[in-house]
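Worksheet: one structure, shown below.
The values are calculated or read from the model by the stated rules, or taken from the named source; none is laboratory data. Model, not experiment: these values are computed from the prediction. Virtual Cβ from ideal backbone geometry, glycine too; neighbours counted across all protein chains shown. These area figures cover heavy atoms from the full protein model, side chains too; ligands, DNA and RNA do not enter into them. Shrake-Rupley method; radii C 1.70, N 1.55, O 1.52, S 1.80 Å.
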Amino acid sequence: MGRPRTPLLDRERIGATALELIDEQGEFSVPQVARRLGVQTGSVYHHVDGRAGVIELVRERVSASIDTATLGLRPWDRALTAWARSYRAAFAAHPHTIPLLMTSPVRAPKVLAQYEHAVRLLLETGFPVAQVMTVITALENLVLGSALDLAAPETMWELPQDSPETAKLAEALAATAPRRADAAFELALEAFVEHCRSHVGPSTDSSPSTPSGPSGAPSSSPSGNPSSPSGV
C-alpha cells in the first residue's frame, strides 16, 4: 500500500480540531482531540508538548486572524486603534478561547512576534519602557472583555413589567441603540487612546484615518466581523 499523500496527523490539524472542540463546548481534552482525528492519544503527544502545547496551537490559530499590518500604520494612535479592532474581531469569533488562553503563558513564536511589534511601536512613540506592558495589558483587557460581550445576548437585562423600582433602567434600555457592544467598545477605545495621547502628546501625522462604519469601527475587518486579558 502506498503512503498517503498527506500525513494523517500534524500540528495544524491538531490545533484546528482543538479549536473546533472549544468553540462547541468551551473546553477540550487531548483524548477528545485524538478521538475526533481518529488516532490514539499517544499519537497526538508525538506532535505537541502535552495539553499546553495544544493550547499554544489554538492561540496561534486564533491570533493568526489579527491583522498585524495594522501595527505598521502611522500615526501611532491610528495603528493602535486598528490593531485593537482587528484583535477584538479575531477573538469575538472564538470567545470560548479567552478564559482558556488567559490561564496559560504565551509561548507561540508567531504570537510573541506580534507582541514584539506592538512593544516597538509604543517605544518608538515615546512610552517609557516601564509603562509599555501596562499599556498593552490594559488594551487587551478592553479588547477581550468586549469580545466576550459580543458573545452575550443583545438583551442582558430582564425587567419585571411596570416596576417603579426599575423604571429608569427600563427607560435607558429602551433608548439604547442597536449594536450596544460595538458602541461601548468604541467609547472605551477612544477614551483609552486619548489617555495614551495625554502621556506622549498628540500624533503629528496628518494621514487620514481608516474609513469608519456607523459605530466608528472600520467598515470591514479581517474576520468579516464589524468589530474583534492579558496574554492571549
Single condition residue 144 does not satisfy, out of (1) open to solvent by 100 Å² or more (accessible area, probe 1.4 Å); (2) modelled with pLDDT of 95 or more: (1)
Output the number of residues of the range 74-109 satisfying the condition of being part of a helix (DSSP H, G or I), more than 12 Å from the chain's Cα centre (by Cα) and not hydrophobic (A, V, I, L, M, F, W, C). 4
Yes or no: residue 136 farther than 28 Å from residue 200 by Cα and open to solvent by less than 10 Å² (accessible area, probe 1.4 Å)? no
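Residue by residue, here is whether (1) out of contact with any strand residue (DSSP E or B) (no Cβ under 8 Å at 6 or more places or on another chain); (2) within 29 Å of residue 184 (Cα to Cα) holds:
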| position | (1), (2) |
| --- | --- |
| 51 | yes, no |
| 55 | yes, no |
| 73 | yes, yes |
| 82 | no, yes |
| 95 | yes, yes |
| 149 | yes, yes |
Restricting attention to the range 66-114, which residues are open to solvent by 50 Å² or more (accessible area, probe 1.4 Å) and of a type in the set (A, V, I, L, M, F, W, C)? 69, 93, 102, 112, 113
Quick check on the range 147-170: of everything there that is charged (D, E, K, R) and either surrounded by 13 or more Cβ atoms within 10 Å (Cβ to Cβ) or modelled with pLDDT of 90 or more (or both), which residue is nearest to the chain's Cα centre (by Cα)? 149
Residues in the range 122-132: is at least one within 30 Å of residue 180 (Cα to Cα) and open to solvent by 70 Å² or more (accessible area, probe 1.4 Å)? no
Residues of the range 172-214 that turn out to be at pLDDT 90 or above and either among the aromatic types (Phe, Trp, Tyr) or open to solvent by 90 Å² or more (accessible area, probe 1.4 Å) (or both), as a count: 6
